[in-house]
Amino acid sequence: MKNKRKEMYDLSYKNSNMENNLNINFKRKLPLPEELKKEMPLSEEGKKIKEKRDKEIADVFRGKSNKFILIIGPCSADRMDSVLDYINRLVPVQEEVKDKIIIIPRIYTGKPRTIGAGYKGMFHQPDPNKAPDMFEGIKAIRTLHKRAIEETGFCCADEMLYPENYRYLSDILSYVAVGARSVENQEHRLVSSGISVPVGMKNPTGGDLSIMLNSIKAAQGSHTFLYRGWEVESRGNDMAHAVLRGSVDKHGNNHTNYHYEDLIELYDAYCNGGYQNPAVIVDTNHANSGKKYLEQIRIANEVLHAMRHSDNIKSMVKGLMIESYIEDGCQKLEEGTYGKSITDPCLGWEKTKELILGIARQL
């Protein structure tokens, strides 16, 4: 009877929208977040790991710890096997640098596309070679994040492409990124204000820092808004912070914003704006590197150099965001090289390991 009522409800829902001239095919209703969490719960050990890790990370963003954050990993999580292989390689490196660095692996399962075309991430396509299947995608991304915690001890980062889908992973993620194309969106800002882990707000692709700063201000405040069919009230997220990723002008030229002068400008804006816990993560790829992945090494070292020459910059810069995978560069999907990015080019494993150890030596 219950299933019959659900079928009737779904059919009625489809028909009502057809009558309203909505040009959408309602394929199927996806499970509620609480249903998926009950079906695929995080283990008790995983919960303990996350609680401990979340506190360590929060202490950095709240100025209680001087450890350095590295949000590092593939541009997109395209395959479960190679992503977990990569994260497992980080385990002994984290142990070696644990006194100075907290590694947060990137497991980015939803990818924004500038013109809407191309691979949109594991959430859309759990198998990049097959058609989109968001029902399987939801299960795949929860499985991947869950396995990362339970098998490696790492709590990971993901990009919040769709704010309403955050709850599928809300008990698992330890860092959330709001992308350059989403940072001006009201829903992203308001949902970020209700998240209890650090949320990084990237500067928009055009580079206007005021948009990013307004987003941080909104996320740090409390709000009443509509979320997943509920009227909700958020408490505000004091760990919302800036992510500098460079910009692209109207002519398509890249402009960097990781230099000493850029960081001082951001520090002054923070000081004059009444923000909580001023913080920035510097993205070493994207427009900062012109997507020349090897430049990430030089950029990382320049940021560390700036930190050594300014106590203000040192207090504000909490870490780096680095795109890294098993193999250097990127490839077309049909090439099929294991551990090589199918989106933006990434730094390969050996260079990544050397870079992490080099950063630790400078801290």
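In this structure, is Y325 touching a Gly at 6+ places or on another chain (Cβ under 6 Å), at pLDDT 95 or above and either surrounded by 20 or more Cβ atoms within 10 Å (Cβ to Cβ) or closer than 22 Å to A157 by Cβ (or both)? Spelling it out, Y325 is indeed touching a Gly at 6+ places or on another chain (Cβ under 6 Å), at pLDDT 95 or above and either surrounded by 20 or more Cβ atoms within 10 Å (Cβ to Cβ) or closer than 22 Å to A157 by Cβ (or both).
For the stretch 329-342, the candidate set comprises residues that are within 23 Å of A177 (Cβ to Cβ) and without any contact (Cβ under 8 Å) to a residue 40 or more places away in the chain; within that set, the residue that is surrounded by the fewest Cβ atoms within 10 Å (Cβ to Cβ) is G329.
Condition check ((1) closer than 30 Å to P33 by Cα; (2) in the same structural domain as V199 (by TED's automatic domain parsing); (3) in contact (Cβ under 8 Å) with a residue 12 or more places away in the chain) across all residues:
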{"residue": "Y227", "(1), (2), (3)": "yes, yes, yes"}
{"residue": "G236", "(1), (2), (3)": "yes, yes, yes"}
{"residue": "G252", "(1), (2), (3)": "no, yes, no"}
{"residue": "Y267", "(1), (2), (3)": "no, yes, yes"}
{"residue": "I281", "(1), (2), (3)": "yes, yes, yes"}
{"residue": "T284", "(1), (2), (3)": "no, yes, yes"}
{"residue": "A300", "(1), (2), (3)": "no, yes, yes"}
{"residue": "G319", "(1), (2), (3)": "no, yes, yes"}
{"residue": "I326", "(1), (2), (3)": "no, yes, yes"}
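E95 fulfils the conditions (1) assigned to a helix (DSSP H, G or I); (2) at pLDDT below 95; (3) under 29 Å from V317 (Cβ atoms) except for a single criterion, (2).
Can you tell which of G137, G116, G200 is closer than 22 Å to T343 by Cβ, in contact with a strand residue (DSSP E or B) (Cβ under 6 Å, 6 or more places away or on another chain) and of a type in the set (G, A, S)?
Being closer than 22 Å to T343 by Cβ, in contact with a strand residue (DSSP E or B) (Cβ under 6 Å, 6 or more places away or on another chain) and of a type in the set (G, A, S) holds for just one of G137, G116, G200, which is G200.
The number of residues in the stretch 161-174 being over 17 Å from K37 (Cα atoms) and surrounded by 24 or more Cβ atoms within 10 Å (Cβ to Cβ) comes to 0.
Quick check on E327: is it in a loop (DSSP other than H, G, I, E, B) and acidic (D, E)? Criteria met by E327. The set of residues in the stretch 194-238 being buried (at least 24 other Cβ atoms within 10 Å of the Cβ) and either hydrophobic (A, V, I, L, M, F, W, C) or out of contact with any helix residue (DSSP H, G or I) (no Cβ under 8 Å at 6 or more places or on another chain) (or both) consists of V199, G200, M201, M212, I216, A219. Counting only residues that are aliphatic (A, V, I, L, M) and not in a helix (DSSP H, G or I), how many does the stretch 330-363 have? So the answer is 3. Checking each residue in the stretch 286-328 for being under 20 Å from D344 (Cβ atoms) and among the charged types (D, E, K, R) picks out K291, K292, E295, R298, E323, E327, D328. Listed here are the strands (runs of 3 or more DSSP E) enclosed by the stretch 194-276 that have at least 1 residues being more than 24 Å from N288 (Cβ to Cβ) and touching an Asp or Glu at 6+ places or on another chain (Cβ under 6 Å): 224-227. Considering the stretch 112-167, the residues that are assigned to a helix (DSSP H, G or I) and of a type in the set (D, E) include one that is nearest to the chain's Cα centre (by Cα), namely E164.
Look at the stretch 130-142: where a residue is at negative phi and a partner is surrounded by 15 or more Cβ atoms within 10 Å (Cβ to Cβ) and β-branched (V, I, T), sitting 6+ places away or on another chain with Cβ atoms under 9 Å, you get G137/T109; A140/T109; I141/I107; I141/T109; R142/I172. When E56 is tested against (1) assigned to a strand (DSSP E or B); (2) out of contact with any helix residue (DSSP H, G or I) (no Cβ under 7 Å at 6 or more places or on another chain), exactly one condition is not met: (1). β-branched (V, I, T), exposed (fewer than 15 other Cβ atoms within 10 Å of the Cβ) and either touching a residue at least 60 places away in the same chain (Cβ under 8 Å) or in the same structural domain as N285 (by TED's automatic domain parsing) (or both): is that true of V191 in this structure? No: the conditions fail for V191.
The values are calculated or read from the model by the stated rules, or taken from the named source; none is laboratory data. The shown structure was predicted, so the numbers you read here are calculated from the model rather than taken from an experiment. A quick note on method: Cβ atoms are made from the backbone with ideal geometry, for glycine too, and the neighbour counts reach across all protein chains shown.
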